[in-house]
Every structure is written in C-alpha cells, then in structure tokens.
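First up is the structure itself, then whatever we jot down about it.
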C-alpha cells in the first residue's frame, strides 16, 4: 500500500505543483522516489510532530496540498491539537498519511500500534477518513484526494496486502465497496488490510453467501450516505484492526442508532490482549481476537467482544 | 496617522471592546499596542482595504487572547468598521474572544498557545518555495515560549534559513498567575534563541523608533525581536498587575483609562 501511495503521489505531483510531501523523519525506502523527483517539495521536518503539523497547515493556507507522512501515532496523537485547531478547524488541505494501521508494526510494541487513531480522527468534523484495503483502493483514494483536497486521514497498512479490487476503483464517501456479491442481504464490512480475513470468514459456513465489503472512505459527514447503504442488509458483521471502542464498530453502531436502522449486527475489533504483550502482527491479531476461528466461534455463541 | 496616534487608538478601542463585552485580557492587549501600531502603521505591507492581497505581509497573533488589540488595529486602519468592532464578544459575532480567521484581515485563529509560530513557519516556507517576497510576522507571548512546539519551529526556521520570518516576543514578564520568572523561567531567552540560529534584537517594546528599526531591517536568517514590554502599558493602574489579565474595567475605570491615554505625551 505504501508503495502505491508514493507512486500515486509522484504521478499527481508531476502535473500539480501545489503538492508537497512533509515527513517526520520516517519513510526510508518508501519516500525516496518523491524526494528525488521533487526535492523542493519534499520536506523532512525532523522528529518534531507539532511543528510538522503546524507548518503543514501554514503551507496549506497558502494554497498547497500537503501530504504529511509518518507512522500511525506520530502524526496523529503527538500533534492532535494541531490537527484539531490548525488543520481541521481552518479546513485546510492537509492529508495525514500513516503507515502501520492496527498492529502492523507488531514487534515494535505499543508505541507503534495504531489502535486508537480512528477514534481520534473521526471526531474531527471536517476530516475525511480513508481506509483502503489494497493498492487499487490506495490509487483510487489518492485520485479522489488530489481532485478533492481537504482535511483528510489516509490510513495505510504496510506492504504485501492482498489485492482484491480490479483496477479503476474510485471511492464515494460513505459508500461500501462490494468486493464479493452475496445473495442473502448480509454483509461482512471491514476496513484497511483485513481483506484476507474477511474473505476467509466468507468461506466459513456461518457466513456463506454474505457480501464482502470494504469501506474505503467515511467520516462524520458521511453517516447519512452510509445509513442508506446499510438499508440493503438485514445483517452485518463489522471487523476492524482498531479497538472496537470509538473506531469503525462504534461508528456503525452510531449510524444504526441515529438512523433507527433495524438489522442484526456483530462487531469485532482488536481486543485488549493485543496490547498486553508484544509479538508479530499475525500473533497479535490472534491474541486480539481478529482471526477466523475466534470470530466464527464467538459469532455462533452470540458474543461480540474479545476484550 | 502617526504610529503614536495609532497606538493610542488601539488602546482606546481595546478598552471599549473589553468594557462592552465584559471580557478579559486587556492587560495583554495593552502590552502589544505599540508593536501592532508600528507593524500596521509603518512596517508591514498590508493594504487595509484589500486584506487578502497576494503580496501582503502575513501577521499571526499567536497570543490569541490579546485579540482586541488586533481587532482594534484593523479597525483603526479601516479594514474593520466601528459597527463590526462593537459586535466583539456578542453571540455569533465573528469577533470572538480569541483571534479568529473569520474576521477580515486575520490570517489564523489561535487561543491555544504555541500554534502560531509553526503555522507561520509554514507560511514563510511557502513564500520561499514560491519565490514570493512577502514577510511573515508572528507575535507570541513570553509565557508562550514555554511551549515546546515553539522550539521545534525555531529549529526548523533556522535550518531552512527562513529570512522572511520574524518572530516577535512580547516580553512583559507576567503570565497567568504570576511572573514568568517565578512560573517557569526563560532565563536568557535572547541567548537561547540566538543559539538556535536566529538573529535576535532586543528592544523596548513601547519605543516606536526602536521597534521600527528592529522590525523593518532585514536579517540574513530568521529574525526574532524580543520586545521588553509592560503588561497593561498606558493605563497606570493596570500596569504590571496580574488581575488585569482577567478583569474588565468598570465605567469609571474605563473613563479614567481613556483620559490617561489621550492625555499621554
């Protein structure tokens, strides 16, 4: 995903001179193509995230579309107030790009795990959240962002995600991207790099014939659109590599409640066991309950939470 | 209008606004009245009737609580009219009690301290990138220099040689509860900023001639003008009193304050 991000950014920057990339001293072996092709518009702001986000807002206030790139918690929590006051309140064209969504940086530990980032970003009223699942969705989200610059959060995994989309994807905020069409008015809804988990779940008898849908673009502004999407289904299973509290699961529950939607819903996010120890991403996902066996077992028992 | 007259007008209008709105922070506003008068009256290229002109110099009030002085300055030069100033602090007025970018002539909303300089760094960087000659001025409070974000921005500005950026520090040595020295001392602030790679000029922040020279003369790298000021300056009973960080004047105090300002030599 991150390679597709930088590839899309380089292509866009060739014709759009207002695109700037600011990195917080991260991006080794990822950002070099941009840095080499557009040295004037590549800024390594050093290990100083508050200034990084503030200056990104300042650049954007003069007409630049600023992409700020770092590992998940650094350009979010470390500079949360700059995002809130400077970027979001002023409605400036800053796209915050993070790598390592969820526990992608498994063994690096809790400091590098992005399991609350969506909670933070989705409380910003002008912020659009992009959670692509594969390189094709990254390309589509980037095309959308370049065409519609705005306060935005692009959450990437790392590398090696399975590709489930055909080329030519383009997001519509609040709309599901149905990657597998079911026939029982039921859907598995997921974000980010969880597509393999979603498809593996879809092979289980319990979820046979469920549609499988990613949600590449959503925000506080898109609840109405998403509510209309949900009306197609009489049951949904929601999975996310983020704490269930205040992330996508909570967002879906809010939409369901606010728009008085009546369908069966089950919610599976990362349980707290995922942060009580340090291990590889695959192990932490299992510990946190995000695996076929746990989800299927608990679903059949009617249990939502793994915390 | 002379800068002295502009400063007096800023003080009077500021007092009237906080009096009407029963608002705080008059001491902070009076502290920067001379700085603003010299900036808007003599130093900045700021077309009052075209406040969004591409070539304008950018001014950012990072100590956003002193906003009445900035609104008053914009009123005195004609960007804002008297009716707009009178709405200060009223429900739904764009003139909120911290500086607001929704007001004509204002670049950036602040209120939480330590935001203005990084934002100004971004503006200065954009001018450097696009080869524009306008300057960016950021006015911060002395207590505000306790915020780490400012020191991040200082490093960045020096590293990128942002010689179009001017940081103005309103050094009145009073913050929320007591003096800066007793709260969290800045010690030798000028040496510190100099050590970060900036050119530093220390001036009397109420001496217009000194301000004019220090703010107008360009520097090789980023420029910091430390202004030694008096909180509440110009109204003797408000000077150097923490209480005027909070209280608005009553009618008698307002009249007395205005009289003192208008009669000052």
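The values are calculated or read from the model by the stated rules, or taken from the named source; none is laboratory data. Since this is a predicted model, take the numbers as computed values, not measurements. Cβ coordinates were reconstructed from backbone atoms using ideal geometry, including for glycine residues, and neighbour counts include every protein chain displayed.
Of all residues in the stretch B:200-258, which are at pLDDT 95 or above, in a helix (DSSP H, G or I) and closer than 26 Å to residue B:138 by Cα?
Matches in the stretch B:200-258: B:208, B:209, B:210, B:211, B:212, B:213, B:214, B:215, B:216, B:238.
Can you name every residue in the stretch A:72-86 that is at pLDDT 95 or above, buried (at least 21 other Cβ atoms within 10 Å of the Cβ) and either under 19 Å from the mean Cα position of the chain (by Cα) or not assigned by TED's automatic domain parsing to the domain that holds residue A:34 (or both)?
Correct list: A:74, A:75, A:76, A:79, A:83.
Among the listed residues B:31, B:14, which satisfies the condition of being under 10 Å from residue B:68 (Cα atoms) and modelled with pLDDT of 95 or more?
B:14
Could you run through the stretch B:108-130 and say how many residues are surrounded by fewer than 24 Cβ atoms within 10 Å (Cβ to Cβ), closer than 18 Å to residue A:87 by Cα and more than 7 Å from chain A (Cβ to nearest Cβ)?
Residues flagged as surrounded by fewer than 24 Cβ atoms within 10 Å (Cβ to Cβ), closer than 18 Å to residue A:87 by Cα and more than 7 Å from chain A (Cβ to nearest Cβ) within the stretch B:108-130 amount to 2.
Restricting attention to the stretch B:228-239, which residues are surrounded by 16 or more Cβ atoms within 10 Å (Cβ to Cβ) and out of contact with any strand residue (DSSP E or B) (no Cβ under 6 Å at 6 or more places or on another chain)?
Within the stretch B:228-239, B:230, B:232, B:233, B:234, B:235, B:238, B:239 qualify.
Somewhere in the stretch B:48-59, is a residue part of a helix (DSSP H, G or I), modelled with pLDDT of 95 or more and at negative phi?
No, there is no match, as no residue in the stretch B:48-59 is part of a helix (DSSP H, G or I), modelled with pLDDT of 95 or more and at negative phi.
Give me a count of the residues in the stretch B:1-31 that are part of a helix (DSSP H, G or I), closer than 15 Å to residue B:212 by Cβ and touching a helix residue (DSSP H, G or I) at 6+ places or on another chain (Cβ under 7 Å).
4
What's the total number of residues in the stretch B:131-153 that are surrounded by fewer than 24 Cβ atoms within 10 Å (Cβ to Cβ), part of a helix (DSSP H, G or I) and at the interface with chain A (Cβ under 10 Å from one of its Cβ atoms)?
Here the count works out to 2.
Conditions (1) more than 10 Å from every other protein chain (Cβ to nearest Cβ); (2) assigned to a helix (DSSP H, G or I), marked per residue:
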| site | (1), (2) |
| --- | --- |
| A:47 | no, no |
| A:50 | no, yes |
| A:55 | no, yes |
| A:58 | no, yes |
| A:62 | no, no |
| A:75 | yes, no |
| A:78 | yes, yes |
| A:85 | no, yes |
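Only one residue in A:89, A:110 is at the interface with chain B (Cβ under 7 Å from one of its Cβ atoms) and surrounded by fewer than 21 Cβ atoms within 10 Å (Cβ to Cβ), so which one is that?
Just a single option satisfies the conditions, and that option is A:89.
What is the residue count in the stretch A:228-249 for residues that are within 19 Å of the chain's Cα centre (by Cα) and either assigned to a loop (DSSP other than H, G, I, E, B) or free of Cβ contacts under 8 Å to residues at least 40 places away in the same chain (or both)?
Within the stretch A:228-249, residues that are within 19 Å of the chain's Cα centre (by Cα) and either assigned to a loop (DSSP other than H, G, I, E, B) or free of Cβ contacts under 8 Å to residues at least 40 places away in the same chain (or both) number 5.
Are any of the residues in the stretch A:141-153 assigned to a loop (DSSP other than H, G, I, E, B), more than 12 Å from the chain's Cα centre (by Cα) and buried (at least 24 other Cβ atoms within 10 Å of the Cβ)?
Yes, there is a match, as at least one residue in the stretch A:141-153 is assigned to a loop (DSSP other than H, G, I, E, B), more than 12 Å from the chain's Cα centre (by Cα) and buried (at least 24 other Cβ atoms within 10 Å of the Cβ).
If residue A:262 passes every condition in (1) farther than 21 Å from residue A:107 by Cβ; (2) in a strand (DSSP E or B) but one, which one does it miss?
Going through the list (1) farther than 21 Å from residue A:107 by Cβ; (2) in a strand (DSSP E or B), residue A:262 breaks only (2).
Determine, yes or no, whether residue A:95 is touching a helix residue (DSSP H, G or I) at 6+ places or on another chain (Cβ under 8 Å), in a strand (DSSP E or B) and under 22 Å from residue A:216 (Cβ atoms).
yes
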